[in-house]
Every structure is written in structure tokens, then in C-alpha cells.
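Peer 1: This is the structure, below, for whatever I ask next.
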Amino acid sequence: VRFELLGRDGGARLGKWVTPHGEVRTPALLPVIHPGQQVIPAREMHDKFGVQMVITNSYITWRNPALRERALKQTIRGLIDFPGPVMTDSSTFQMYFYGKELEVDNATIVSFQRDIGSTVGTILDIFATPDMTESEVGQAVDTTLHRAREAQPHKGEMGLALPVQGGTFPALRERCARAMAGMDAAMHPIGGVVPLMEQQRYADLVHVIAASQRGLPAGRPVHLFGAGHPLVFPIAALLGCDLFDSASYSKFAQDGRMILPDGTAILDELEELPCACPVCSATTARELRALPTSEREAQLARHNLHVSVAELRRVREAIRAGRLWELVEQRCRAHPALLDALRSLDAHAGWLERREPLSKPSALFYTGSETLARPDVQRLRARLLERYRSPCEAAMVVEHAPRPFGRTLGGKWAHARAHGVQLLVKTPFAAIPVELDEVYPVAQSHEPRLWDRDAGKGFTRFLDAMLAAHGWKLVTEEEVAALPAKEGPRLDDARVRATLDVQFGRGAAEALLRAPVRFRKSATTGRVRNVFSEGEHILSLRASDGYASLKLAGARRLHAELPPPRLRVVVDADSAPFQREGRNAFAKFVRAVDDELRPGDECLLVDDADRILACGRLALNGDEAASFRHGVAVDVREGVVSRGSADEDGEGLQPV
Ligand SMILES: [Zn+2]
């Protein structure tokens, strides 16, 4: 089994999980299948619902002599007739559910799962319930860890699922996860969360997932055990959960309940079916109610499964589009307990920020005051306070301006700058210097015209912090307007300078922009595309997010001026010759990554002795590069012995 990252948004990943029995694109739903009787046949799930992997119970199979014999003869995949990978669960959940010890031990059930050809088998872990004391849960964790070690010699070729337990105690969750991380495993379920979801303790669910993630290796799939309702898929995916299993589609059907993306409906209470799935499109609520019990249940189960798999398609598409946060914000307004979950993300801002890419393919929407806690916004604020530099002694605030700010405020900005006044635009995200108008998320964001109180208060607080950080005196628009006309600096110069400092940290603009500096602009948009200094092409500004793509000449300057580990990615000696030639750096050859670098950041590839090899764009953060065994860690743009790519040189550009 191997896991590779193909895309990302927030803490979520689009992954490719390759198993001996087929490939799974994550985040993915593994419907729970009963090994003996299936409401929806596993084959139909595969063929008609696009289900890539299912989970079934090895204990039920083991206990029933007929099923056991058939599973041993035809494998578990043959028994349930599923052509893709199949995960098996042990009896942990049955022990929790029926509250008793069962007659099977860990070594036996792991060996049995191996013998029936499970793609991934699960150890017999101890389910810690939310009412257990910390010391009881601690003991359960110790037993679970013991069983994880005990299972190793029995797993054979089968992938092992090593669950993280620890109840609602974050320290125990993290300890369990760290210990599991050191063992051989195909994936890590986060266990013991069903009672939290049943009691709608979604904020606790967020804390449990986050604590587990802090200890887990970034390079293995994480599975949220028993996450039944699609309402939790988006926020759990945002927290890095890659796999979900669910029996809810059939359990809800038994109770006459319909799963919807934003809640649950009771069939008996419906006049109309609020759904467009194939089942609901072909019938009415009245007809559905009139069906014989077993048929109605099967149809409701199909509806429930359609809604569940569709929500995961929506999640994957949102990750691709960089819109997962917006989806989470929408879904979490479906219930106050989910709003608690959304607000609880704030407690894990640090972990989330490390995974959050530098920029996204789509704009950031203000959907409510929770948006202000997003890593994108917090990162922008932090960088304006810590990295941005302005030569001014005073600042004035413009109430509102259409984006890009430079186009509408360019004249005002130049006039103010000529008198040492920095022009800031008031947005709920931050007080934004006009010259940063093209970088993500400044240009790529939308807010309502009518602000809520939190946005207003947040802006005032942030403005105060900006004034203090930059030593600015606040002046009014009228005061500045009264000042005489005077020639100001060029907005393009200030824009490039501010962008480089905000992107790479203070000192970067100075290191890169040695006079004479020349720009080449796009003939169509008039925006700066290529930057030359002392006759060398040192960088280009991307049209997509306004940030710089380094050329090797620029990378060499940063390398000379900024001490290690800044912007560095250290690669193995075996890999170094390939990067020198301009080839991508694979995760398994990365030795170290500057802790300040984030996915999507520009980086300098160096060897052990800090000799520069290449420059490129980072795909993984440091934790991920250390953990992933497959996939590219850095997309290399130019190596020291490569000629570099022609990329955006030439076409549509005119010298300035
Ligand atoms: Zn439906």
C-alpha cells in the first residue's frame, strides 16, 4: 500500500491510495457491508454508486461457520462479491455496542483477517467511551498499543489498520497516535468517536481528531471510524481525515429516515422528497411509504448512500477548487452543535496553518465572522505585521474600494506616498496596503457590503496593531487631500518590493532588487510579469496569485543573503545531482525543510553543505516531506546546471 498526495486545501488532502486490490481516491467513503446479508449488494455499490472500497466485519464472518468457510475459500472479497479493496474491522465495536468481552483474541482475529485476504485488517483495540476516567482510558490506550505490537508478526502481506484511541483526552490521543506512528501500518483509524457523534458533540469530535492528527504521521491515510452522517464529512476532511466508513445509510433506512446533506428527514413526515438522486427522482414520498417494508428500506438505503457518496464527491471537488472552507462554513450552519465545531477549529489554528497552501485556485469568501479565523486570513494579518515594510511615518484608511485597489486608488496612493503617508484599504480581512493589491487573498476575496459587529471590531483591533507595528500616525483622508501635489513613487516598484517581503520575509526585497531594476509587463493586463535586476531575470510574478516564481538568479541572491535554514529544503546526496539538473525532488529524498515554509511556497534546494542545487515550489510542508514515502515534495523550476524553462518569457510581453 502506498499513499500519495495529489491536491490539498485546509488540512484536507486529495490522495491516491494504491492497494494490492485497487486504487482509492481520497477522501473516500467505505460503506459498511454485512458479510452475510446486504441491503444493497456490494457489487451494485461498486458498479452503480462508484464506491471504491468497502468495510466488512471479520468477527461476524469468523463466528459464523458457513461464512467463515466461504471466506477462507473465496477470500472476503469473493464472499461479499466486491471487486475492489476490502477493509475488515475486528470486533472492537461489537464489544462496545454489546458491552461484553467476546470469545476471540487479538492474534486470532488478525490472523483470520490475513487468511481471508483482507486488503486492510484491524487489530482488536479497546474502545474507550466518553464516560471513562482518564486513568481507565490510559489503560485502554496501553492495551491497544500492546495489541498493535502483538499484531505485527501475524499480519503477513495484509495492510494493518492501527486505531488511535484515547477517549476525549487530547494528551492520551496524541500519545497513542505517536506510538502508533512508530509502527508498521497501512492507515490509522481514529476510534471511539461514535458516541460523540450520536450525542452531537461535534466540538469534542474536532478536538479528538486534531489531537490524534498531532501525533499521526502525515504520510498515511487517516480514517474516521464510524462517521455516519455526511454532515461531518466536510469538517472532518478539513482536519485531514481521508477515509470514512458508514453503516448509517442502512441504519437510518431501517428507521425510515432520509439522510440529507444538511440534516435528516423522516419519511413519514414528508409531503415531498427534497432530493434529486435516482431513487427520489423516480418516485414520490407517498409511493415510497406504500412499499413493502424490506423494499422501502432498500430504496431508502439507496437514497442514503447516494447522498453520502455525493457529499464526498462534493468534498473532493471543493478541495480541487480550493473551496473546502466555504463548504465547511455552509454545512456547519445546519446545526448549532456543528457551529460549535466550526468555532472550535480556532483552537487548532497552528496545525491547520502549517497545512494551508500559500494560495488557492479560487477566491476567499467572507461567509460570517468565523471566516476571520481562517488560516488564510490570520496568515495575511501576521505577515502584514511582521514581514511587510513601508517607508512611511503615517497612514490613512480608505473606507471601501473595488479590487484591484491599485487600479482605483493608484493616484491617491502616489500622492499620499509622496508625503510619507501609507494608504490602507478597509476590508474585514485586514487593513491592506494598496501595493499588496494583487497577492492572494487580497485580490482574490469578497466580503459583503454590510458588515457584522465582529468584522468591525476585528478591523479596529487590527488597525491599531498595524499602526503600532509600523510606527504610523493615523491621518485623515481630508488632511492628505489638502497636501500639495507632488510626484510620488511608482506603484509597480512598491508592489514588487512589498510582495517579495511579504512572501519571503523581511530583507528579501533588498536582497533581490539590486539596481538597476527593470520590469517586463503583460501587453494584455499591464501587470508586471518579469523582474530583471542588474540585467538578470530574477523572478516572475504569477498572474494567478500575484506571488513571485523565482528564477535561479533570484534564488542565488536569496541564498547568499538569507542564512540557513531560511527558505531551504535540504535533499539527500543521492538525489542532489538530479535537482542540479532541474528534476523534481521526491519526498523520500528530502532531509529537512525550513519550518516556516508552507505548501505552495517558493524554496531553495540545497545539499548537506548548504550548496544551492535548484529552486522550485514546495508541494508539502516539513512534517509531510518527512513522512511521505511517495510523490513529489518540490516541483523544481530550475537547477544550477539546467538551462531552465522558457515558461513565460517572450510572449505577450513588452519591455518597460
Ligand atoms: Zn434521494
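Peer 1: Select, from P448, P391, P433, P375, the only residue that is under 21 Å from G526 (Cα atoms), out of contact with any Lys or Arg (no Cβ under 6 Å at 6 or more places or on another chain) and of a type outside the set (F, W, Y). Can you show your working first?
Peer 2: On the way: P448 fails: under 21 Å from G526 (Cα atoms); P391 fails: under 21 Å from G526 (Cα atoms); P375 fails: under 21 Å from G526 (Cα atoms).
Result of the check over P448, P391, P433, P375: P433.
Peer 1: Any residue in the stretch 263-282 that's more than 18 Å from F49 (Cβ to Cβ): show its pairings with residues that are more than 11 Å from the ligand (Cβ to nearest atom) and among the basic types (K, R) at Cβ separation under 6 Å, as long as the two are six or more apart or on different chains.
Peer 2: What qualifies is T264/R257; I266/R257.
Peer 1: Quick one: is D204 out of contact with any strand residue (DSSP E or B) (no Cβ under 9 Å at 6 or more places or on another chain) and assigned to a loop (DSSP other than H, G, I, E, B)? Explain how you work it out, then say what you get.
Peer 2: Numbers: out of contact with any strand residue (DSSP E or B) (no Cβ under 9 Å at 6 or more places or on another chain): yes; assigned to a loop (DSSP other than H, G, I, E, B): no.
So D204 fails the test.
Peer 1: Then there's this: Quick check, is D131 open to solvent by 50 Å² or more (accessible area, probe 1.4 Å), over 15 Å from M180 (Cβ atoms), acidic (D, E) and modelled with pLDDT under 95? It would help to see each step written out before you state the result.
Peer 2: Working: open to solvent by 50 Å² or more (accessible area, probe 1.4 Å): yes; over 15 Å from M180 (Cβ atoms): yes; acidic (D, E): yes; modelled with pLDDT under 95: yes.
Yes.
Peer 1: Would you check if there is a residue in the stretch 352-361 being in a helix (DSSP H, G or I), surrounded by fewer than 22 Cβ atoms within 10 Å (Cβ to Cβ), more than 16 Å from the ligand (Cβ to nearest atom) and touching a residue at least 24 places away in the same chain (Cβ under 8 Å)? Talk me through it step by step, then tell me what you get.
Peer 2: To start, the set of residues in the stretch 352-361 that are in a helix (DSSP H, G or I) comprises 352-355.
The next check asks that each one be surrounded by fewer than 22 Cβ atoms within 10 Å (Cβ to Cβ); those that pass are 353-354.
Of the ones still in play, those that are also more than 16 Å from the ligand (Cβ to nearest atom) are 353-354.
Now drop any that are not touching a residue at least 24 places away in the same chain (Cβ under 8 Å), which leaves 353-354.
Within the stretch 352-361 (the criterion being in a helix (DSSP H, G or I), surrounded by fewer than 22 Cβ atoms within 10 Å (Cβ to Cβ), more than 16 Å from the ligand (Cβ to nearest atom) and touching a residue at least 24 places away in the same chain (Cβ under 8 Å)), the answer is yes, since at least one residue qualifies.
Peer 1: Give the residues of the stretch 245-282 that are among the charged types (D, E, K, R), within 30 Å of the chain's Cα centre (by Cα) and surrounded by 17 or more Cβ atoms within 10 Å (Cβ to Cβ), sorted by residue number.
Peer 2: D245
Peer 1: Still on this structure, please answer the following. Restrict the check to the stretch 56-64 and report whether at least one residue is β-branched (V, I, T), surrounded by fewer than 23 Cβ atoms within 10 Å (Cβ to Cβ) and touching a strand residue (DSSP E or B) at 6+ places or on another chain (Cβ under 7 Å). Reasoning before the result, please.
Peer 2: Our first condition is that a residue be β-branched (V, I, T); within the stretch 56-64, this holds for 56, 60-61.
Next cut, surrounded by fewer than 23 Cβ atoms within 10 Å (Cβ to Cβ) only: 60.
Subset that is touching a strand residue (DSSP E or B) at 6+ places or on another chain (Cβ under 7 Å): none.
No - not one qualifying residue is present in the stretch 56-64.
Peer 1: Here is a follow-up. Checking the condition open to solvent by 50 Å² or more (accessible area, probe 1.4 Å), assigned to a strand (DSSP E or B) and not aliphatic (A, V, I, L, M), which residue from R506, R518, R461 passes? Full working, then the answer.
Peer 2: On the way: R506 fails: assigned to a strand (DSSP E or B); R461 fails: assigned to a strand (DSSP E or B).
Within the list R506, R518, R461, the selection yields R518.
Peer 1: Which ones in the stretch 22-48 are crowded, with 20+ Cβ neighbours inside 10 Å and of a type outside the set (A, V, I, L, M)?
Peer 2: T26, P27, P31, P35, Q38
Peer 1: Now, a different point. Identify the single condition in (1) among the aliphatic types (A, V, I, L, M); (2) over 19 Å from R617 (Cβ atoms); (3) part of a helix (DSSP H, G or I) that A334 does not satisfy, given that it satisfies every other one.
Peer 2: Condition not satisfied by A334: (3).
Peer 1: Name the residues in the stretch 188-224 that are touching a residue at least 60 places away in the same chain (Cβ under 8 Å), touching a Gly at 6+ places or on another chain (Cβ under 7 Å) and crowded, with 22+ Cβ neighbours inside 10 Å, would you?
Peer 2: G192, Q213, P221, listed by residue number.
Peer 1: Please count how many residues of the stretch 368-405 are in a helix (DSSP H, G or I), open to solvent by 10 Å² or more (accessible area, probe 1.4 Å) and more than 27 Å from L327 (Cα to Cα).
Peer 2: Going through the stretch 368-405 one residue at a time, the tally reaches 2.
Peer 1: Oh, and also: Q254 passes all but one of (1) in contact (Cβ under 8 Å) with a residue 24 or more places away in the chain; (2) farther than 21 Å from A236 by Cβ; (3) within 12 Å of the ligand (Cβ to nearest atom); which number fails?
Peer 2: Unmet condition: (3).
Peer 1: Got a sec? Which of A236, A310, A227, A290 is within 14 Å of the ligand (Cβ to nearest atom) and either surrounded by fewer than 21 Cβ atoms within 10 Å (Cβ to Cβ) or under 28 Å from G121 (Cβ atoms) (or both)?
Peer 2: On the way: A236 fails: within 14 Å of the ligand (Cβ to nearest atom); A227 fails: within 14 Å of the ligand (Cβ to nearest atom); A290 fails: within 14 Å of the ligand (Cβ to nearest atom).
Every option except A310 fails the conditions.
The values are calculated or read from the model by the stated rules, or taken from the named source; none is laboratory data. Because the structure is predicted, anything quoted here is derived from the model rather than measured. Cβ atoms come from the backbone with ideal geometry, glycine included; neighbour counts cover every protein chain shown. We work out accessible area using only protein heavy atoms, side chains counted, and drop any ligands, DNA or RNA first. Shrake-Rupley method; radii C 1.70, N 1.55, O 1.52, S 1.80 Å.
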